[in-house]
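Reviewing the structure listed below.
Values quoted throughout were computed directly from the atomic coordinates according to the rules given, and no laboratory measurement underlies them. This structure is a prediction, so every number in the text was calculated from the model and none was measured. Virtual Cβ from ideal backbone geometry, glycine too; neighbours counted across all protein chains shown.
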Amino acid sequence: MLLRNKYDKETLFKKLQTENFERKTLSFYRYCTIHNPNELRDELYEEWGNLNVLGRIYLAKEGINAQLNVPKPNLEQFINTLEAREIFKSMPFKWAVEEKESFLKLKIKVRNKIVADGLNDNTFDITNVGNHLTAEEFNEAMNSDDTIVVDMRNHYESEIGHFENALLPKVETFKEELPVVKNLLEDKKDKKILLYCTGGIRCEKASAYLKHNGFEDVNQLYGGIIEYHKQVKEKELPNKFVGKNFVFDDRLAERISDDVIAVCHQCGNPSDDHTNCANVGCNLLFIQCSSCKTDYKNTCTPRCKAIIELPEEVQKERRKGSKVKKRFNKGLEHPEALRALIAEQQKNGFNL
């Protein structure tokens, strides 16, 4: 079996449209010792490829971090292949809130870490993590005046949804966020710290990092926002998360509440729908309302709109050696900067 995808995006999308079965989207992670992640990678690719699993999985010597979807008829067999390995037994799954097309292909990559955190794990005890709280316990803890709630996600995630009164660091990466959060909380070591993220994995490392740096009452939302929403619905608890939960697959977000707390980066009207600029040489992740999506043809500026209207061969030639994609890929901290760029391009005729 070929242990990598060999089809282009268009072919994969067409193949997905012909499926006559449901898929279940889930995520899971575990910090554990994997002695030979490259060997395990090939084993899992073959096993899960045969089950038509799609998704993105990271393996490292420190563990596994997976977001994927599985054909419903193959779900039990998939779980059995995972549980067959002692290090993955009794894996807690986080099931998607909204079931849409989430992945087109299977990608399993070996990395140095399952989440890039920039830390030297040999300098502190990564197993000394914070207290795990259920949704009910998290809600109760939020009511205290001595509690500080910290969003351990990036700015483009929290922009469309977050917990009420949470501290929202303006960062683009988890690696950048850890020292920022530590500095923001430096004079609050006597407070109860509540951490949360999408599925819990970032909080595992963040809580251990904060405890190592002198924070004693460190707590984390078990299972993250995904598990929180599940427990809120099952137990009919008050929902203190407003807006959408950003997810790292083709769905881009799951709606947790009906609140729309963000604005379109192009026109400023209420919107919380993310778009990746259709100009692949740009690929900017930004918020775009349905009206602007139509006007700009899924692009971020008049310049990018003009580029996607060029012949594909010309677009490919323009992208050769371009560093634009490295700059435009993570989202905007200041949407007004994009609106200013649009105005400037319109004024100057956006010469190509």
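Observations on the structure shown:
- Arranged from fewest to most other beta-carbon atoms within 10 Å of their beta carbon, Arg319, Arg251 become Arg319, Arg251.
- For the chain, calculated [θ]222 nm from helices alone, where every DSSP H run of n ≥ 4 adds -39500 (n - 2.57): -9500 deg cm²/dmol
- Each of Glu39 and Glu317 was given a label point 7 Å from its Cα along the Cα-to-Cβ line. The distance between the two points is 5.1 nm.
- Compactness of the range 49-208 as Cα Rg over 2.2 N^0.38 Å, two decimals: 1.16
- The Stokes-Einstein estimate for the range 3-75, based on a Kirkwood radius over Cα pairs and taken at 10 °C with 1.306 mPa s viscosity, is a diffusion coefficient of 118 µm²/s.
- Here the range 228-279 was treated as a single set of alpha-carbon atoms; its pair distances binned every 5 Å from 0 give 5, 17, 22, 22, 16, 9, 6, 3, 1 percent.
- In this structure, the amide hydrogen of Leu195, modeled 1.01 Å from its nitrogen in the peptide plane, lies closer than 5 angstrom to those of Val150, Asn219, Gln220, Leu221, counting only residues at least 5 positions away or on a different chain.
- All Cα-Cα distances of the chain, cut into 20 Å bins from zero to the largest, leave 27, 57, 16, 0 percent in each bin in turn.
- For the peptides 154-161, 213-220, residues were scored by their other Cβ atoms within 10 Å and the scores averaged per peptide; the highest-first order is 154-161, 213-220.
- Convex hull (Cα only) mean projected area of the range 274-348, reported in nm² to one decimal: 5.0 nm²
- Alpha-carbon centroids, the range 244-294 and the range 18-73: separation in whole Å: 27 Å
- Between Arg111 and Glu176, the modelled label-to-label distance comes to 1.6 nm, taking each label 7 Å out from Cα in the direction of the beta carbon.
- Each of Asp295, Asp273, Asp258 was scored by other Cβ atoms within 10 Å of its Cβ. Arranged with the fewest first, they read Asp258, Asp295, Asp273.
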